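First up is the structure itself, then whatever we jot down about it.
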Amino acid sequence: MTYSAFDHPILSGLLGDPEIAAFFSAEADVNAMLAFEAALATVQARHGLIPRDAAERIAALCATFRPDVNALRQAVASDGVMVPELVRQIREAIGDDVAVHVHFGATSQDIIDTSLMLRLKAVCACVRTKLSSIIESMAALADRHGKAGLTGYTRMQAAIPITVSDRISSWRAPLERHHARLAALDETAFALQFGGAAGTLEKFGDRGPALRSALAAALGLADRPQWQSQRDGLAEIAGLFSLITGSLGKFGQDIALMAEIGDEIALSGGGGSSAMPHKQNPVAAEVLVSLARFNAVQLSGMHQSLVHEQERSGAAWTLEWLILPQMAGALSASLRLGLTLTGNIKHIGKTAG
């Protein structure tokens, strides 16, 4: 039994998505942290801050290092974060002569936030691909059935005749806008976090900004002055997650209502009923509505996490850890079910198109 339906051994059959879930595994998190440490040492050596041979040894170790995860778990109970114990293990593994150069000038939040950004960038690349597939599937539906007629409804009452293309356009157009928003995010939203103890890069003096810029480039992230207490970027990403699930929820709601009417849509792959074997329930459509509402609720929590005290907040930070992975889980399930549902539409409209 797990706390989350997204990785539940049974419920994940409906709500899980292994591809995106993998980015939120402990292994993915630690690997991204090790990538930060390797890049940090390499860039610092290039700027003459640590010896080149020390950087090479750090990078080589980080490429293969596997930490004691149980020790990380125990350390988090007291430290609140895994980084002090992770750095201790790296230093112990690399030896006293190089240990002092590991993690030089960085702080725990630098490595944790940068790990998150590396993984969110990969997540959003997957989301763009999946969204493209849904958009293309909807376009194919419009090509096949777009000229067929439907009854248009306003305020849940029959209004005037429309075409299938009219309704599909209302599903597809928001998804196309979200795809463009994702592309725009890719330029600036996934930023390196590197500020040191209080965000001032105090150990590097006037060389700090150049070092940060080089480190961002090495990791393929945007360069931005420290944002450790400025969480609007993460709230923006979470907001886009909610927008996508919301638009797919509207699609699901419409399909569920059309299935209820009965003569406007034919679906394959519906869910069975234990009491009424003749029924085929529009499960995917219904769950899209649930996921949209789930993320809408979670988004308010991400906005709560904007309130960081002074230069760093442990409370608001922890709130992000609880919420953002769940939002990504809901988004990934929504994308999978959205594509399934478009593929399950055998016919739509009152007359053949």
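Derivation of every value follows stated rules applied to the coordinates shown; laboratory data play no part. For clarity, every value in this text was computed on a predicted model and none was experimentally measured. A quick note on method: Cβ atoms are made from the backbone with ideal geometry, for glycine too, and the neighbour counts reach across all protein chains shown.
Summary table below
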{"quantity": "For Asn281, distant residues with modelled amide H under 5 Å away", "calculated": "Gly271, Gly272"}
{"quantity": "Local electrostatic count at Met302 - Lys and Arg +1, Asp and Glu -1, tallied over other residues with Cβ under 11 Å", "calculated": "-2"}
{"quantity": "In nm, spacing of pseudo-spin labels at His47 and Ala173 (7 Å Cα→C-beta vector)", "calculated": "4.8 nm"}
{"quantity": "Total formal charge among the other residues, if their Cβ is under 10 angstrom from that of Leu15, Lys/Arg +1 and Asp/Glu -1", "calculated": "-1"}
{"quantity": "Under 11 Å, Cβ to Cβ, from Ala32 - net charge with Lys/Arg +1 and Asp/Glu -1", "calculated": "-2"}
{"quantity": "Burial ordering of Asp79, Asp29, fewest other beta-carbon atoms within 10 Å first", "calculated": "Asp79, Asp29"}
{"quantity": "MRE, 222 nm, helices only [DSSP H, n ≥ 4, -39500 (n - 2.57), over the chain, to nearest 500]", "calculated": "-21500 deg cm²/dmol"}
{"quantity": "Cα-based helix-to-principal-axis angle, 83-94 vs the chain, degrees rounded to 10", "calculated": "50 degrees"}
{"quantity": "Residues Ile112, Ile168, Ile160 arranged by fewest to most Cβ contacts within 10 Å", "calculated": "Ile160, Ile112, Ile168"}
{"quantity": "C-alpha long axis of helix 164-188 to longest principal axis of the chain, angle in °", "calculated": "10 degrees"}
{"quantity": "Hypothetical label at Gln304: residues of segment 217-237 whose amide nitrogen lies under 16 Å (7 Å Cα-Cβ projection)", "calculated": "235"}
{"quantity": "Pairwise FRET efficiency - Thr188 versus Ile261, Cβ, R0 = 35 Å, nearest 0.05", "calculated": "0.20"}
{"quantity": "Relative exposure of Trp171, Trp227, judged by other C-beta atoms within 10 Å (fewest first)", "calculated": "Trp227, Trp171"}
{"quantity": "Those trypsin sites (Lys or Arg not before Pro) in segment 61-163 that DSSP places in a loop and that have at most 14 other beta carbons within 10 Å", "calculated": "Lys147, Arg155"}
